[in-house]
Amino acid sequence: MDALRNMKLPFSSKPLPAKVVISYFLDYVIIVILAILFLAIDKVNGFRQHFALQNYTLQYPYAVHERVPAGICYVIVVMCPAAIICFWTLVIDGLFAHSQPTDNEGTGRRLGRYRLVDRLWELNCGILGLALSEGTAFVITGALKNTVGKPRPDLIDRCQPRAGSVDPSPYGLSNSTICTQTDMSILRDGFRSFPSGHSSSSFAGLFYLSLYLAAKLHIWDSRGEVWKIFVVVIPTLGAALIAASRIMDARHHPFDVITGSMLGIACAWLAYRQYFPPVSETWRKGRAYPIRTWGQETAPPASISTAYEPYGRQETEMQAPSQRRHTQHSRHPGSDSQAMLATHAAPLPSGGLAGTAADRRRDEWDASSTEEDEFELQQQPRYPPGAVMGGSTAYLPRAHVGTTSDQV
């Protein structure tokens, strides 16, 4: 314990408190408990609903070879997201991080784009969230399967009813006692249709990966880069295809697949939000929450919480290169009207949108690629003295101001 207490926390120079170790140790314990619960639930002989032999929705042929077997599904929805999270955190974040932290000792020495200890902490949170999402989906799905006991679409073929079996009349239903199937695992699995386990686990892992990539690529930063959307949608599309294969194999009814998919999406979102901020908060760059018990949440960019600076050097520094060229081109040295505007310029009012979600989506005043292609965002017009007359809120355009000044 003394050795642990002497360790340094990521993003901080503080030692590692024992309560922090216990806090995250409990997270791993919960995940192990979820795995044990799933294995125990999977061996339970659950409830079996009655069924009608004449029900055509239960008369599909039993597919011996599934399109996506359970083992392949596990690799796709668990191992692949974990590998992508590891690669992105340890490699991509190290090469293309958005900030360069300095030395905690106060020397100002750069430690690289993204320190390894910080990336390891991000990896810990990413894997914890993925494991929590999958573990929760597995346990909930298994519990519902055993409780509901809904027949699969291929139940009649699994059951192999005795020759001459008919439903009790009138309007009666049969049960599993008429089955001659010798493989009890096949018969027992025939009453586990709701909800779809492949669907819930697929979305729990792959939709979680989509959320992770959406935050890392900060797709909602008002830049409209379409390629990021395609990257984010690919894992979710893979989950949808796996879910659809269960209908093709007659393993589940469409309602079972839809319910399992929604369950997986809910588990993925809840697990992701336990360790990461909302995807819409693009200024966080997909970073995980700080260490519990002492960390503070990342503050939004300072530019969204302060009023506009006066028209001058500070404003010019915040402009994109294309906007700065436009500002310099529009100024004419020696013009009386421009001198008047520069002398009497005042800060613009913040307005009703200052500090709101609309401003927050400006990604720290970065210039997009479209601004360099002559598509420039213009600043609001200044209000020189005399422009407001008779209580009117109208302003005088620059062209008219120049003409009036020249006449005077």
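Determine if region 195-209 includes at least one residue that is over 27 Å from residue 125 (Cβ atoms) and of a type in the set (S, T, N, Q).
yes
Restricting attention to region 271-283, does a residue exist that is at pLDDT 85 or above, surrounded by 16 or more Cβ atoms within 10 Å (Cβ to Cβ) and either among the polar types (S, T, N, Q) or more than 30 Å from residue 18 (Cα to Cα) (or both)?
So in region 271-283, the residues at pLDDT 85 or above come out as 271-281.
Narrowing the set further to residues that are surrounded by 16 or more Cβ atoms within 10 Å (Cβ to Cβ) leaves 271-272, 275-277, 279, 281.
With either among the polar types (S, T, N, Q) or more than 30 Å from residue 18 (Cα to Cα) (or both) added as a condition, the list becomes 279, 281.
Yes: one or more hits.
Only residues that are modelled with pLDDT under 85 and surrounded by fewer than 16 Cβ atoms within 10 Å (Cβ to Cβ): list them for region 217-233, please.
Listed by number, the residues that qualify are 222, 224.
Which residue pairs have Cβ atoms under 7 Å apart, sit 6 or more places apart or on different chains, and have a first residue in region 167-186 that is outside the structural domain of residue 45 (by TED's automatic domain parsing) and farther than 18 Å from residue 45 by Cβ and a second that is at pLDDT 95 or above and loosely packed, with under 11 Cβ neighbours inside 10 Å?
Pairs that qualify, where the first residue is outside the structural domain of residue 45 (by TED's automatic domain parsing) and farther than 18 Å from residue 45 by Cβ and the partner is at pLDDT 95 or above and loosely packed, with under 11 Cβ neighbours inside 10 Å: there are none.
Tell me, which residue of region 195-233 that is free of Cβ contacts under 8 Å to residues at least 12 places away in the same chain and of a type in the set (Val, Ile, Thr) is farthest from residue 287 (Cα to Cα)?
Checked region 195-233; the qualifying residue farthest from residue 287 (Cα to Cα) is 226.
Looking only at helices (runs of 4 or more DSSP H) that fall completely inside region 190-297, which ones have 3 or more residues that are in contact with a helix residue (DSSP H, G or I) (Cβ under 7 Å, 6 or more places away or on another chain) and among the hydroxyl-bearing types (Ser, Thr, Tyr)?
The qualifying helices (runs of 4 or more DSSP H) are 197-216, 254-275.
Quick check, is residue 81 surrounded by 13 or more Cβ atoms within 10 Å (Cβ to Cβ) and at pLDDT below 95? I'd like the intermediate steps shown before the answer.
Details: surrounded by 13 or more Cβ atoms within 10 Å (Cβ to Cβ): yes; at pLDDT below 95: no.
No; evaluated as a whole, the condition is false for this residue.
The values are calculated or read from the model by the stated rules, or taken from the named source; none is laboratory data. On a predicted model such as this, the values are computed, not experimentally measured, just so you know. No Cβ is skipped: glycine too gets one built from the backbone with ideal geometry, and neighbour counts run over all protein chains shown.
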